[in-house]
Amino acid sequence: DVLRAVSEIGILAVGMTFVILIGGIDLSVGAVLGLAAVGSAVLLVENDFGLIPAVLIVLLVGLVFGLLQGIASAVFKIQAFIVTLAGLQIARGLARIWSGGQGVAIAYGDGPGEAPLTFSLLGERTFNGLVPIPALIFVVIAIAAILFLRGTAFSRHVYAIGGNEKAARLSGVPVTR
């Protein structure tokens with residue numbers, strides 16, 4: 001149960017590691033998670049989307065949301081604290097609008113108003129009922145991030161920007177990108 005409870009936060013922490021390494025801050029990450037959760041529930045239950053289209057739409061929403069915040073911070077030179085504080089409020093408002101201000105109950109099944117049974121796998125356990133699937137997803141993401149941070153040119157750029165942004169820029173690192 002503890003693994004299941006911390007896996008979502010662990011996945012967010014992996015992403016936040018990159019933000020912290022460049023010397024940034026992101027206050028909106030929890031609200032964007034809430035937006036994704038509400039969006040998934042609405043698309044699966046109320047709009048009868050399939051699992052793959054719903055996940056792709058929610059990922060696209062998160063990507064666009066992060067891209068807009070990144071552009072506001074990097075290109076327009078607005079402090080990340082301010083951008084992500086505003087992003088937090090915007091994400092919470094969008095989640096409220098998307099759900100119509102109501103909670104969305106999720107029931108699994110094949111009928112209208114029910115989320116696909118495959119979505120319920122996120123609550124299941126594997127290896128004789130010992131390990132929750134979200135914990136496995138977290139471990140895979142964490143291992144991928146570790147390998148990425150240890151062996152790519154992009155990761156060296158991330159560390160350089162966090163160490164000294166001006167020196168990284170003068171060294172040819174595309175800091176704004």
> How many of the residues in region 151-162 are open to solvent by less than 70 Å² (accessible area, probe 1.4 Å) and touching a residue at least 24 places away in the same chain (Cβ under 8 Å)?
Replying inline: 3
> Where in region 60-177 are there helices (runs of 4 or more DSSP H), lying fully within it, with 2 or more residues that are over 23 Å from the mean Cα position of the chain (by Cα)?
Replying inline: 153-163, 165-170
> Which number in (1) free of Cβ contacts under 8 Å to residues at least 60 places away in the same chain; (2) in a loop (DSSP other than H, G, I, E, B); (3) within 14 Å of the chain's Cα centre (by Cα) marks the one condition that residue 24 misses?
Replying inline: (3)
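The values are calculated or read from the model by the stated rules, or taken from the named source; none is laboratory data. Fair warning: this is a prediction, and the values are worked out from it, not measured in the lab. Using ideal geometry, Cβ is built from the backbone for each residue, glycine included, and neighbour counts are taken over all protein chains shown. Only protein heavy atoms, including side chains, enter the accessible area calculation; ligands, DNA and RNA are left aside. Shrake-Rupley method; radii C 1.70, N 1.55, O 1.52, S 1.80 Å.
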